[in-house]
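Trainee: After the structure tokens below, expect a handful of questions from me.
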Amino acid sequence: MKKIDNLIIAKKKFKSRLIVGTGKYKNMSDCAKAIKFSGAEIVTVAVRRVNIVDKKKPLLMDYIDPKKITYLPNTAGCFNSQEALRTLRLAREIGGWKLVKLEVLGDKKTLFPDMIETLKSTEILTREGFKVMVYCTDDPLMAKRLENSGAAAIMPLAAPIGSGLGIQNYTNIKIIRKQTKLPLIIDAGLGQASDATIAMELGCDGVLVNTAIARAKNPFQMALAFKNSVVAGRQSYLSGRIEKFLFGSPSSPKEGII
Amino acid sequence: MKKINKIKIKLNGKFIKIQDKTTLLSFIKKLKVPISKVAIELNETIVNKKLLIRTKIKKNDKIEIVHFIGGG
């Protein structure tokens, strides 16, 4: 059995293959508690204006220590390359973050990524020294292009962000898995823990979950469920599943039947 | 008595009036914003934190102060 099975992104090692988002929680302390239950070592964060009027508003950094948990600045809410670049340059300025998540949306209803803008941004950010984890469609050709542009990780959606639909296109995910050695992380659209297991069994290196945990009736229990399901899926993938047969095959030997 | 001149600037999308000849550093300190946890943009250009003390705010300047919040 393989003892050390780290997730490696941009030469950095992580024990957990579950990345969680920090949005949509009731409050900051719930968010921090759920992260603990999830065992995640990477969390996505958003860049927004400081509230100048209400200074008592709790700060994310007071609840989640960036020295212990890797912050992954995200460009959520950006609809073009210019906005995304501005956001990530600001994120880097806050504290030297180079590992970032690029998400350039193209449609307000489906929240599908605009891949032309995404590709353009990936090229520029990589040239500027960023390690870019890229939210993308599950199109194998686009995934290849992102890889050629220097992406640090390919992050195709399972389904629209926050939809909870689970993986919609097994085949494309499998094809992307076959063609890339880059970390492949399912980002967006998962609804329950078993969806994460499926992603891992397809050979993904990790999953990124926000809504499914944050909006569960019990987010802490769901965080733990996702933690376990990712581990289960990874172990199942590494174990090598049996072939599928149309007919039955008895588990007990025929010899010695009374 | 010396008259204090006020200038109009835009902070995080809102117009405000501040004292003329204020440096970015003293302005941000006055806002009680923790400098180590934010990034500052002046007229859409990021300002290196070491240069805040040398940067004087001028009339009609646009300042953005951002930080990390919860997000997906």
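The values are calculated or read from the model by the stated rules, or taken from the named source; none is laboratory data. Quantities reported herein were computed from a predicted structural model and do not represent experimental measurements. Ideal geometry is used to build each Cβ from the backbone, glycine not excepted, and the neighbour counts take in all protein chains shown.
Trainee: Can you tell me which residue within the range A:42-58, out of those that are farther than 23 Å from residue A:153 by Cβ, of a type outside the set (A, V, I, L, M) and touching a Lys or Arg at 6+ places or on another chain (Cβ under 9 Å), is farthest from the other protein chains (Cβ to nearest Cβ)?
Mentor: Per the stated criteria, the residue is A:51.
Trainee: Please tell me if residue A:145 is surrounded by fewer than 23 Cβ atoms within 10 Å (Cβ to Cβ), at negative phi and in contact (Cβ under 8 Å) with a residue 40 or more places away in the chain.
Mentor: In short, no.
Trainee: Hey, another quick one. What are the residue pairs meeting all of these: first residue in the range A:82-96, first residue more than 22 Å from residue A:116 (Cα to Cα), second residue among the basic types (Lys, Arg) and assigned to a helix (DSSP H, G or I), Cβ atoms under 8 Å, and 6 or more apart or on different chains?
Mentor: A:93/B:49; A:94/B:37; A:95/B:37
Trainee: Looking at the range A:59-71, which of the residues that are at the interface with another protein chain (Cβ under 10 Å from one of its Cβ atoms) and more than 16 Å from residue B:31 (Cβ to Cβ) is surrounded by the most Cβ atoms within 10 Å (Cβ to Cβ)?
Mentor: Top of the filtered list is A:71.
Trainee: Within the range B:33-50, take every residue that is modelled with pLDDT under 90, farther than 14 Å from residue A:49 by Cβ and under 12 Å from the mean Cα position of the chain (by Cα) and give me the one that is surrounded by the fewest Cβ atoms within 10 Å (Cβ to Cβ).
Mentor: Within the range B:33-50, the match that is surrounded by the fewest Cβ atoms within 10 Å (Cβ to Cβ) is B:35.
Trainee: Do you know which residues across the range B:17-47 are closer than 29 Å to residue A:45 by Cα, in a strand (DSSP E or B) and among the β-branched types (Val, Ile, Thr)?
Mentor: Listed by number, the residues that qualify are B:40, B:45, B:46.
Trainee: Among (1) aliphatic (A, V, I, L, M); (2) more than 15 Å from residue A:101 (Cβ to Cβ); (3) modelled with pLDDT under 95, there is one condition residue A:176 misses while meeting the rest; what is its number?
Mentor: The single condition residue A:176 does not satisfy is (3).
Trainee: If you scan the range A:171-191, which residues turn out to be assigned to a loop (DSSP other than H, G, I, E, B) and either closer than 17 Å to residue A:112 by Cα or not charged (D, E, K, R) (or both)?
Mentor: Within the range A:171-191, A:180, A:182, A:183, A:188, A:189, A:190, A:191 qualify.
Trainee: I need the full set of residues from the range A:97-119 which are part of a strand (DSSP E or B) and either touching a residue at least 60 places away in the same chain (Cβ under 8 Å) or not β-branched (Val, Ile, Thr) (or both), in order please.
Mentor: Matches in the range A:97-119: A:99, A:101, A:102, A:105, A:113.
Trainee: Only one residue in A:9, A:69, A:42, A:52 is among the aliphatic types (A, V, I, L, M) and over 17 Å from the mean Cα position of the chain (by Cα). Which one?
Mentor: The match here is A:52.
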